[in-house]
Amino acid sequence: MASPNKPVALVIGASRGIGRQIAIDLAKHNYTVIIAAKSTSTPSKDTPFPPDPNSPASTITTVAQEINLLSPNTAYPIPVDVRSPAQIDNLVAQTLRLTSGRLDVVVYNSGAIWWSSVKNTPFKRFRLMQQVNPEGLYATVQAVLPVFERNGNRGRIVVVSPPVYSRFFRGKTGYAIGKVGMSVLTRGLAMDFVREGKTEMAITSIWPAAAIQSAATEMNPAGADESRKADLRKPAIFSDAVLGILNTAAHIVNGMLALDEDFLRDYCGVTDFTKYSLVPGTHPRRMMPKKLPVLEVEEQDDEGTRMDSAAARGTGSKL
């Protein structure tokens with residue numbers, strides 16, 4: 001059973017790469033961590049440990065083992081397929097049983113990737129991305145909001161999704177539809193929190209400014225090329241930014257679509273990013289624009305007559 005005195009973080013998509021790093025670093029900062037993803041394993045004496053963190057040999061089992069070797073009874077692996085809302089509900093229920101009802105932070109890092117033109121993105125692949133990316137996040141949010149409300153309207157959600165800008169759609173439209181949808185959920189839920197006076201609840205999206213070594217880049221032949229490693233950063237930059245978000249007041253980060261480098265510079269005082277370069281002495285190419293469009297309009301606060309379908313059907317409170 002987890003210690004009732006430690007904050008609890010549920011990291012979904014924590015078996016490899018960036019998610020694994022986030023889980024490990026949360027544990028180092030005194031969180032009890034629930035490690036969730038599809039992949040499990042039974043490590044043997046003949047299996048190298050810890051395994052390559054970007055390979056299929058890295059699972060929720062091995063990540064929890066890594067953490068617990070350093071800090072016993074800190075990490076708990078729970079398998080989940082985020083395409084199933086029922087499994088997500090069960091994941092949250094199991095988390096609460098392990099933590100005596102405590103849940104402070106949810107990080108949604110699960111993701112399905114297929115980067116190609118619309119013509120070359122089969123519908124089956126498109127549907128998988130929508131199930132794992134926006135639908136899995138939406139089901140997770142629906143499962144955890146009642147928990148946060150019961151715990152005094154306190155809680156943080158961190159989503160791996162990008163700022164919204166036109167170039168992101170190019171060459172990967174099917175993927176972008178889901179990922180931008182996740183960012184829309186971040187902005188919209190943040191507005192709900194403000195409207196409902198939930199000042200200690202926040203949802204924040206975060207995305208890398210430069211490419212990060214991860215399972216995704218390892219699967220990409222270009223990213224796996226030794227000559228391209230100079231354009232990669234270590235996943236620690238992303239987990240440091242997540243920790244920075246969690247240590248920043250809720251009203252500041254609520255609804256923010258952040259970039260890891262920019263957040264660390266602007267809110268955490270980081271000025272030297274060379275320690276994050278995968279290849280020492282290199283300066284990875286920034287893949288994100290330096291300046292992003294502002295989404296707010298002058299009529300931002302003019303809702304007119306607001307429609308609430310839940311209230312109209314008697315299934316929710318009228319706002």
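Worth pointing out:
- The residue that is surrounded by the fewest Cβ atoms within 10 Å (Cβ to Cβ), counting only those in region 150-165 that are of a type outside the set (Lys, Arg) and over 14 Å from residue 137 (Cβ atoms), is 152.
- Selection count, region 82-110, where residues are among the polar types (S, T, N, Q), touching a Phe, Trp or Tyr at 6+ places or on another chain (Cβ under 9 Å) and part of a helix (DSSP H, G or I): 2
- When 102, 150, 156 are checked against the criterion of being out of contact with any Asp or Glu (no Cβ under 9 Å at 6 or more places or on another chain), closer than 19 Å to residue 246 by Cβ and of a type in the set (Lys, Arg), a single residue qualifies: 102.
- Residue ID - nearest to the chain's Cα centre (by Cα), chosen from residues in region 260-282 that are loosely packed, with under 10 Cβ neighbours inside 10 Å and small (Gly, Ala, Ser): 269
- Screening residue 285 against (1) more than 25 Å from residue 58 (Cα to Cα); (2) surrounded by 14 or more Cβ atoms within 10 Å (Cβ to Cβ) leaves a single unmet condition, (2).
- Among the residues of region 251-268, those that are touching a helix residue (DSSP H, G or I) at 6+ places or on another chain (Cβ under 8 Å) and assigned to a helix (DSSP H, G or I) comprise 252, 253, 260, 261, 263, 264, 267, 268.
- Tally of residues being among the aliphatic types (A, V, I, L, M), over 14 Å from the mean Cα position of the chain (by Cα) and closer than 13 Å to residue 111 by Cβ across region 155-191: 1
- Tallying residues that are within 22 Å of residue 288 (Cβ to Cβ) and either crowded, with 23+ Cβ neighbours inside 10 Å or without any contact (Cβ under 8 Å) to a residue 40 or more places away in the chain (or both) within region 130-149 yields 2.
- Check on residue 47, within 29 Å of residue 183 (Cβ to Cβ) and polar (S, T, N, Q): no
- Number of positions in region 141-154 that are in a loop (DSSP other than H, G, I, E, B) and either over 25 Å from residue 75 (Cβ atoms) or touching a Cys at 6+ places or on another chain (Cβ under 7 Å) (or both): 2
- Verdict on residue 33 being touching a strand residue (DSSP E or B) at 6+ places or on another chain (Cβ under 9 Å), free of Cβ contacts under 8 Å to residues at least 60 places away in the same chain, not hydroxyl-bearing (Ser, Thr, Tyr) and not in a loop (DSSP other than H, G, I, E, B): yes
- Of the residues in region 128-140, not one is assigned to a loop (DSSP other than H, G, I, E, B), within 21 Å of residue 205 (Cβ to Cβ) and within 16 Å of the chain's Cα centre (by Cα).
- Any hit, region 30-41, residues being more than 21 Å from residue 147 (Cα to Cα) and within 18 Å of the chain's Cα centre (by Cα): yes
- Region 284-304 - residue that is among the charged types (D, E, K, R) and under 23 Å from the mean Cα position of the chain (by Cα) and, of those, farthest from residue 164 (Cα to Cα): 285
- In region 117-129, the residues that are touching a residue at least 12 places away in the same chain (Cβ under 8 Å) and polar (S, T, N, Q): 117, 121
- Residue within region 165-174 that is part of a helix (DSSP H, G or I) and closer than 21 Å to residue 248 by Cβ present: no
- Test for residue 113: is it over 26 Å from residue 244 (Cα atoms), modelled with pLDDT of 95 or more and either aromatic (Phe, Trp, Tyr) or assigned to a loop (DSSP other than H, G, I, E, B) (or both): yes
- The set of residues in region 1-19 that are within 24 Å of residue 112 (Cα to Cα) and either assigned to a strand (DSSP E or B) or free of Cβ contacts under 8 Å to residues at least 60 places away in the same chain (or both) comprises 9, 10, 11, 12, 15.
- Odd one out for residue 192, checked against (1) closer than 13 Å to residue 203 by Cα; (2) assigned to a loop (DSSP other than H, G, I, E, B); (3) among the charged types (D, E, K, R): (2)
The values are calculated or read from the model by the stated rules, or taken from the named source; none is laboratory data. It should be emphasised that the depicted structure is a prediction, and the values quoted were computed from it without experimental measurement. All Cβ positions, even for glycine, are placed from backbone atoms using ideal geometry, and neighbour counts span all protein chains on display.
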